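J.: Got a structure for you, questions after.
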Amino acid sequence: MSKLEIKSPLPGTFYRASSPDVPVFKADGDAVSATDTIGLIEVMKTFQQIPAGLDGKNIKFLVDNEEPVMAGQVIAEVEE
Amino acid sequence: MTIRSVLIANRGEIAVRIIKAAKALGIRTVQVHSAADADMLAVRLADEAIDIGSPAPKKSYLNIEAVIAAAKASGVDAVHPGYGFLSENGDFADAVEAAGMIFIGPSGDAIRMLGDKVAARQVAAKAGVPTVPGSDGRVAGLDEARALAATTGFPVMIKAAAGGGGRGIRIVADITELEQQFPLASAEALAAFGDGGLYMEKVITRARHVEVQIFGDGQNFVHFFERECSLQRRRQKVWEEAPAFLLPATVRERLCGSAVALAREVGYRGAGTVEYLYDDETGDFYFIEVNTRIQVEHPVTEMITGFDLVQEMFKVAGGTALSVSQGDIRASGHAIECRINAEDPFKAFQPSPGTITKLSVPEGEGIRFDTMLYEGYTIPPFYDSLLGKLIVHAETRDACLAKLGLALQALAIEGVPTTVPLHLALARDARVANGLFHTRFLEHWLDNDFAALAGRTQEVA
């Protein structure tokens, strides 16, 4: 079973939920499909939705909530 | 003057601007920065730099304890807050003073009072400044809201008493919408600001945003004339001018006089801006709010009056009386400022951090570029997208627009998309040239006119 990587398209700050008092878009272990939002990136005070971009299962986040990310950095891994 | 050293509690172009003013006065500069800003221009220019934390603003530039600790460690006499971040935080002003340093701005009490929209409106009314028809203070509940709307007429704006920067505002067109939105607005205000208080104002549909630059030393109060800031996108100014052309002389006199009356009413100290809505059909103007700090657009005022407002802030905060009286302040010619952002105007203003590969800045009499950029600098993604401000001054507005067009063409910023093409298109628009705009003009213009004008711009360039 190979691992697939979900990379950040932008540099910025990564958020796992749309606000601090709502559940995360995806929890570790969830399955994802390509159009599912897995988080937000705040870049220059604007927020962009980050889609999974691929189908997979058992997502594992490698970046914590509110952590800085670089463009191209792997945010999460999923299993095929 | 008592200030010999200053800590700059900000970043970007305003930090650079403050350092230049301080250096001109022989003041030692200490620049704080986040981990993401270690190579910013202000750090390079300052005499000393201190890392105060991680990139997220709340862990660095908004962290009062970290900033105060840096100020104490560096042994400065004063702290300049710039704009944004902690500049209008009364508790920060108090903390600076409690640590035995000078806060370059008004007192914590003045910041809190003028920052509370309801209290500011009341103080404006007391000073005889016209306010937008609406509630005298907080609206107690839906019954009072209904009664009020019956006297002011619709549309009506519901605003959070503790709001700011365009947040917490709802516009309702009739009684049904008012009944639906009022409780929601209160709940949202409570969630966002910890204060569910609301107030109401009549909406002035076709208004211009005109603001007056005030200055005080606690005893003497003057104005440095007004600015026209109606070209806005999402309630953010993109282009500012001084003076507000098409403003009749009698209106200008009353407008600027009312701003000084307000400054006197509160014993204001430092630089401030009184913002108004101006209805050019009726000639009426209405108070909106006071900004208790230096503003992004202060250079247009400096260009037409010849005063350095940031240097004046240092002098007044250091205990020197205001160096000018009203009669010494004269406006000459016309100035326009374009905010150059790292955003792509052809792709819905998508923010575009990245590395500056080339920078070429126009020079000449009446041209000024306030910036944070240098070649090789990588713009971090964690802060706002303002890269710099191109300011042009000429004898007349027409001459200013022509000079602006040339200056924009000569401004080369490569490596990231910027809003320069937007400004070039605006500088060539006939309605902009004729001054036929208002606060909602730009968004409509972007939807309908920008693409065609920008296309032509690219062919010419």
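The values are calculated or read from the model by the stated rules, or taken from the named source; none is laboratory data. Nothing here was measured: the structure is a model prediction, and the numbers come from that model. Neighbour counts run over all protein chains shown; Cβ positions are idealised from the backbone, glycine included. When the accessible area is computed, the model is the full protein with side chains, heavy atoms only, and any ligands, DNA or RNA have been set aside. Shrake-Rupley method; radii C 1.70, N 1.55, O 1.52, S 1.80 Å.
J.: Are there residues in segment B:361-388 whose accessible area shrinks by at least 20 Å² when all protein chains are included rather than the chain by itself, and which are they (probe 1.4 Å, ligands and nucleic acids not counted)?
T.: Correct list: B:PRO381, B:PHE382, B:TYR383, B:ASP384.
J.: For chain B, how big is the tail of P(r) above 27 Å, as a whole percent of Cα pairs?
T.: Looking at chain B, the distances longer than 27 Å represent 56 percent of pairs.
J.: Going 7 Å from the Cα of A:LYS60 along its beta-carbon direction, which residues of segment A:18-43 have the amide nitrogen within less than 18 Å of the resulting point?
T.: Residues passing the 18 Å test: A:26-32.
J.: Let me know the Kirkwood hydrodynamic radius for segment B:52-210, please, with Cα pairs as the basis and the value in Å to one decimal. Walk me through the intermediate numbers first.
T.: Numbers: mean 1/r = 0.0565 Å⁻¹.
One decimal place: 17.7 Å for the Kirkwood radius.
J.: Of B:PRO133, B:LEU184, B:GLN409, whose Cα points farthest to the positive end of the dipole of chain B (charges on the beta-carbon: +1 Lys, Arg; -1 Asp, Glu; origin at the Cα centre)?
T.: Checking the options against the dipole of chain B, the answer is B:GLN409.
J.: Using square roots of five times the C-alpha gyration tensor eigenvalues, list the equivalent-ellipsoid semi-axes of segment B:125-240 in whole Å, biggest first.
T.: Its equivalent ellipsoid spans semi-axes of 28, 17, 16 Å.
J.: Give me, ordered by chain and number, the residues 5 or more places off B:PHE221 or on other chains with an amide H under 5 Å from its own placed amide H.
T.: Distant-sequence amide H within range of B:PHE221: zero hits.
J.: Same structure, new question: Taking Cα pairs under 8 Å and at least six residues apart, what relative contact order does chain B come out at, in percent?
T.: 14
J.: Follow-up. At a 1.4 Å probe, what is the % contribution of carbon and sulfur to the accessible area of segment B:325-461?
T.: Carbon with sulfur: 49 percent of the solvent-accessible area.
J.: Per residue, how much accessible surface does segment B:295-396 expose to a 1.4 Å probe? Answer in Å², no decimals. Let's see the in-between values first.
T.: On the way: 3580 Å² over 102 residues.
Heavy-atom SASA per residue in segment B:295-396 reads 35 Å².
J.: What's the center-to-center distance, using Cα atoms, between segment B:1-58 and segment B:308-372 in Å?
T.: The two parts, judged by their Cα centres, are 17 Å apart.
J.: Compute the orientation-averaged projected area for the protein assembly as shown from the convex hull of its Cα atoms and round it to one decimal in nm².
T.: Convex hull of Cα atoms, orientation-averaged projection: 26.1 nm².
J.: On to the next question. Kindly provide log₁₀ I(q)/I(0) values, in the same order as q = 0.14 Å⁻¹, from the Debye equation applied to equal alpha-carbon scatterers of segment B:116-183.
T.: Results for segment B:116-183 at q = 0.14 Å⁻¹ read -0.42.
J.: Turning to a different aspect of this structure: If contacts are Cα pairs under 8 angstrom and at least 6 residues apart, what is the relative contact order of segment B:339-461 in percent?
T.: 30
J.: Please give the residues of segment B:217-231, grouped as numeric ranges, whose backbone N is less than 17 Å from a label point set 7 Å along the Cα-to-Cβ vector of B:LEU246.
T.: B:226-231
J.: Which whole-number percent is the relative contact order of segment B:134-193 (Cα, under 8 Å, 6+ apart)? Don't skip to the end; give the middle numbers.
T.: On the way: 53 pairs, mean separation 18.8, N = 60.
Averaging sequence separation for qualifying contacts and normalising by length gives 31 percent for segment B:134-193.
J.: While we're here: Under 5 Å between amide hydrogens, which residues at least 5 positions from B:TYR377 or on another chain qualify, with H placed 1.01 Å from N in the peptide plane?
T.: Counting only residues 5 or more places away or on other chains, the set is B:ILE356.
J.: Evaluate Rg over Rh across segment A:9-49, taking Cα atoms for both radii and Kirkwood's formula for Rh.
T.: 0.97
J.: Something else now. Which of the peptides B:441-449, B:319-327 is most tightly packed, and how do the rest follow, going by the mean number of other Cβ atoms within 10 Å of each residue? Numbers along the way, then the final one.
T.: Details: B:441-449: 14.9, B:319-327: 12.8.
Result, highest mean Cβ count within 10 Å first: B:441-449, B:319-327.
J.: Shifting gears a bit: Which whole-number value in Å² is the accessible area per residue of segment B:1-80, probe 1.4 Å? Show your work: numbers first, answer last.
T.: Numbers: 2880 Å² over 80 residues.
With the other protein chains kept in place, segment B:1-80 gives 36 Å² per residue.
J.: Here's something else I'd like to know. For the pairing of chain A with chain B, what total accessible surface becomes buried, with a 1.4 angstrom probe, in square angstrom to the nearest 100?
T.: Separately minus together, A and B give about 1000 Å² buried.
J.: How big, in percent, is the set of alpha carbon pairs in segment B:276-390 lying more than 19 Å apart?
T.: Percent of Cα pairs beyond 19 Å in segment B:276-390: 65.
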